[in-house]
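We did not get these values from a lab; they are worked out from the coordinates using the rules stated. Everything quoted here is computed from the prediction, not taken from an experiment. Here the Cβ is made from the backbone with ideal geometry for all residues, glycine too, and neighbour counts use every protein chain on show.
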């Protein structure tokens, strides 16, 4: 997929290149790490329908990360390509948010993570289609259709499990309790993204919080689940301060290309 | 560049996962670009889903078909925009899907909301059908079942 025609230099000022590179890593790493987590369900999901769903969502996200990391590599303008960025970076250089690196736990915990992340990603990518950086707008337009599907599927499962049995409801409550502290980070703006937002390249994450809250409140209400509360948000992924889970994930994901750098299928 | 000869070659290239439909009828081939100066002529293709594993296989089979027909100087370039939609599947492609046992995707943006309308069973034509699984054997398909003839079938998702 590295053959995609991306005009890397279109409308990017020199002083924005470092910020844009970092930003593309954030988007690409979110998709890559979530994809890797979801792919661990392949062959292990509770029923066949779910096995297919999670594997296909993982595949969509892997495709998105390929495009985004390819765009990042082109902006960097060096010798690294998307594969090098995925497989030959150390944990501190990853820029994904903390939510996507959280362990799968049980099915309810995985679905909670997917529901919260997709409920953020869908409106965010809808805004991203208007990016003044054309390659990014094109990737967002393509990914948005997939993400909308993920968001609908995850929301249906939240309702089914939350409004299901005592056991499934309890597990959903535990899943929300685990993941809610990572929600705020999804909407954090910093100097890097504020500058890109001012240039029309990146959306303003903070401006999307109200829409996210309304969507989550509606689905949780349908699922007869209480609104989650957590006293203190946990953040740090965007600057490389990750939980222990990411290192373990990368060890599995990067083992082969690092051990056999010239390996080919 | 002999556009009609190139298109004839492309119409003979099947989709690797749904081999009864050509890459042209699936809307994967977006057009031809004339060569200018240093720039070679090119076939423009677009991926269906971003993660579709068939994308590379499609590019390789188009490459092989072009080379085999003496169009070795024609490039194969991937474009992302505008994003692929199932509305680009031709009427012929829809008939071929149906004959193959896959319900073709509904046309138009209104059909995009999930389960907006029951799929038509490709075997008996009944509209009394239900979704079994949101995803099927590939990202582009969902699994449905007919309530009349009881056969399960794939639905090409509206995308």
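Given q = 0.11, 0.13 Å⁻¹, what are the Debye log10 I(q)/I(0) values for chain A, with equal point scatterers placed on the Cα positions and solvent ignored?
Relative scattering, expressed as log10 I(q)/I(0), comes to -0.59, -0.83.
Which of rounded, prolate, oblate describes the stretch B:67-159, given a ≥ b ≥ c as roots of the alpha-carbon gyration tensor eigenvalues and a/c under 1.5 marking rounded, otherwise prolate only if a/b is larger than b/c? List each step's numbers first, then the result.
Numbers: a/c = 2.61, a/b = 1.90, b/c = 1.37.
Prolate, because a/c is 1.5 or more and a/b exceeds b/c.
Which length gain, in nm to one decimal place, applies between residue A:234 and residue A:40 when the Cα-Cα distance is subtracted from 0.36 nm times their residue separation? Kindly include the intermediate steps, with their values, before the conclusion.
Details: separation 194, 0.36 × 194 = 69.84 nm, distance 2.46 nm.
Fully extending the segment from residue A:234 to residue A:40 adds 67.4 nm.
Hey, got the average number of other protein chain Cβ atoms within 10 angstrom for residues in B:44-53? Write down the numbers at each step before the final one.
Details: counts 1, 1, 2, 5, 1, 9, 18, 17, 4, 4.
That works out to 6 on average.
How far apart, in nm, are the 7 Å Cα→Cβ label points at residue A:241 and residue B:36?
Output for this residue pair reads 5.1 nm.
By how many degrees, 0 to 90 and rounded to 10, does the Cα axis of helix A:134-162 deviate from the longest principal axis of chain A?
Taking the Cα atoms of chain A, the angle to A:134-162 is about 10 degrees.
Report the gain in length on full extension from residue A:84 to residue A:252: 0.36 nm times residue separation, minus Cα-Cα distance, nm rounded to one decimal. Walk me through the intermediate numbers first.
Numbers: separation 168, 0.36 × 168 = 60.48 nm, distance 1.57 nm.
Stretched fully, the residue A:84-residue A:252 segment lengthens by 58.9 nm.
What number, in nm² with one decimal, is the all-direction average of the projected area of the convex hull of the alpha-carbon atoms of the stretch A:1-143? Kindly include the intermediate steps, with their values, before the conclusion.
Details: hull surface 35.2 nm².
Over all viewing directions, the stretch A:1-143 projects a mean Cα-hull area of 8.8 nm².
Rg/Rh for the stretch B:4-62 to two decimals, with Rh computed the Kirkwood way over all alpha-carbon pairs. Kindly include the intermediate steps, with their values, before the conclusion.
Working: Rg = 12.0 Å, Rh = 12.0 Å.
Rounded to two decimals, Rg/Rh equals 0.99.
Restricting everything to alpha-carbon atoms, can you work out Rg to Rh for the stretch B:1-132 with a Kirkwood hydrodynamic radius? Before the final figure, lay out each step's value.
Values: Rg = 16.7 Å, Rh = 16.2 Å.
Using Cα coordinates only, the ratio equals 1.03.
Between residue B:11 and residue A:106, what FRET efficiency comes out of the Förster formula 1/(1 + (r/R0)^6) with R0 = 41 Å and r the beta carbon distance, rounded to 0.05? Present the calculation step by step, with values, prior to reporting the outcome.
Working: r = 49 Å, r/R0 = 1.20.
E(calc), rounded to 0.05, equals 0.25.
Quick check: pseudo-label points 7 Å beyond the Cα along Cα→Cβ at residue A:167 and residue A:91, how many nm apart are they?
That separation, rounded to one decimal, is 3.4 nm.
Quick one: angle between helix A:209-222 and the longest Cα principal axis of chain A, in degrees between 0 and 90, rounded to 10, please.
Tilt relative to chain A: about 30 degrees.
For n ≥ 4 DSSP H runs only, could you compute -39500 (n - 2.57) per run for chain A, divide by its residues and tell me the 222 nm figure to the nearest 500?
Working: 10 runs with 165 residues, N = 265.
Calculated at 222 nm, the ellipticity per residue is -21000 deg cm²/dmol.
Describe numerically, in nm with one decimal, the distance between label points set 7 Å from Cα along Cα→Cβ at residue A:214 and at residue B:90.
Between residue A:214 and residue B:90, the label points sit 4.4 nm apart.
Relative to the longest principal axis of the C-alpha atoms of chain B, give the angle of the C-alpha long axis of helix B:54-68, reported between 0 and 90° and rounded to the nearest 10°.
40
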